[in-house]
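Only one structure is covered here, and it is reproduced in the block below.
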Amino acid sequence: MSASNRAAVIQKCHKVLRKHYQAVSPPERSVLEHLHYACCLENAPYEKADEAFARVQATYFEWNEVRVTSVSELAEEMAALPDPQVAVTNLKRLLQSVFEAYYDWDYLETLKKQNLGKAVADLQKHAGVSPFVLAYGTQAALGGHSIPLDRGALEVLLILGLINEKEAAAANCPGLERAIPKNKGVEFGSLLHQLGADLLASPYSPQVRAILLEIEPEAKDRLPKRSRKGSDEAEAAEPEPKAKPAAEPAAPKKKAAKKKPAAETPKPKKKAATKKSSGAKKSATKKLTKKKPK
């Protein structure tokens, strides 16, 4: 897709999404809190991320307590998420990395005063910071222009034809930040995220499909397709009736078997003929014996 066509589709996507969703703006939080929330939000609806984030904030007194808590215990607190294990693992890796680097949970606040490029590079080096978490932190915590893309959002962009498989694997949509201005970045990112979360939760939803086709009517062939497992099993069972004609040639074999008695019937005739010939020999012998006295 050319850059101009991509920009046109992105702008249309923004316009259509405004009709179906309400934009969500991040509240005031610390840098670490924004990153924690991003771990919850990745591949999850906003309401589920809000619930998981609030439970952890209410249950644990400070970050070090969260850091040393087991994955299973944290996953119970964040059970509202579609995949709490992944979110908890990323959060714990992030906290451990920050702890080992600075021994100070407030150090990340200094990134707000640094040059944006250096601050983003500092965030990126920490474990647990996925491309989505990095983009969300850049946008929400550092005020940069970076639209976060998780798996759901990337699936939407793939269906719309805005990215290819290679770009999806790199979590990159060329020209996205140019097509969406910075002052609309938070709005567009939240709208796209909501559609992506709905797509992940219900990929065959008529409402989701209708929104995608409203944005790009030519995306019909790229929409998720239901599994053909049931129909494939039915097709695999169909060859059984087709095998019946192969069983029909066995009929001639049965007919050939019936001919065997007919082949046996000539045997008595041969025996009868033998008896007659032996009888004729006996009568001839008798005649000869009678002629001897003469």
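The values are calculated or read from the model by the stated rules, or taken from the named source; none is laboratory data. Note that the structure is predicted; figures quoted are calculated from it, not measured. Using ideal geometry, Cβ is built from the backbone for each residue, glycine included, and neighbour counts are taken over all protein chains shown. For the accessible areas, the whole protein counts, side chains as well, though only heavy atoms, and no ligand, DNA or RNA atoms are used. Shrake-Rupley method; radii C 1.70, N 1.55, O 1.52, S 1.80 Å.
What the range 3-108 shows is 51 Å² of accessible area per residue, with the surface traced by a 1.4 Å probe over protein heavy atoms. Its residues counted as N, the range 88-236 yields a C-alpha radius of gyration over 2.2 N^0.38 Å of 1.28. The Cβ shell under 11 Å around Val24 holds other residues with a net charge of -3, Lys and Arg each +1, Asp and Glu each -1. Protein-only accessible surface at a 1.4 angstrom probe places the residues Phe53, Phe61, Phe99 in the order Phe61, Phe99, Phe53, largest first. Roughly what % of Cα-Cα distances in the range 171-225 sit above 19 Å, to the whole percent? Percentage above 19 Å: 38.
With 22 Å as the limit, the listed pairs Lys48/Lys125; Lys118/Lys182; Lys15/Lys220; Lys92/Lys113; Lys12/Lys225 have Lys48/Lys125; Lys92/Lys113; Lys12/Lys225 beyond it between alpha carbons. Packing-based ranking of 123-136, 37-50, 13-26 yields 37-50, 123-136, 13-26, ordered from highest to lowest mean Cβ neighbour count within 10 Å.
Put simply, when 86-94, 196-204, 217-225, 63-71 are sorted by average Cβ atoms within 10 angstrom per residue, most first, you get 86-94, 196-204, 63-71, 217-225. Here, P(r) means the percent of Cα pairs in each 5 Å bin from 0 to the largest distance; for the range 85-164 it is 3, 14, 21, 23, 17, 12, 6, 3, 1, 0.
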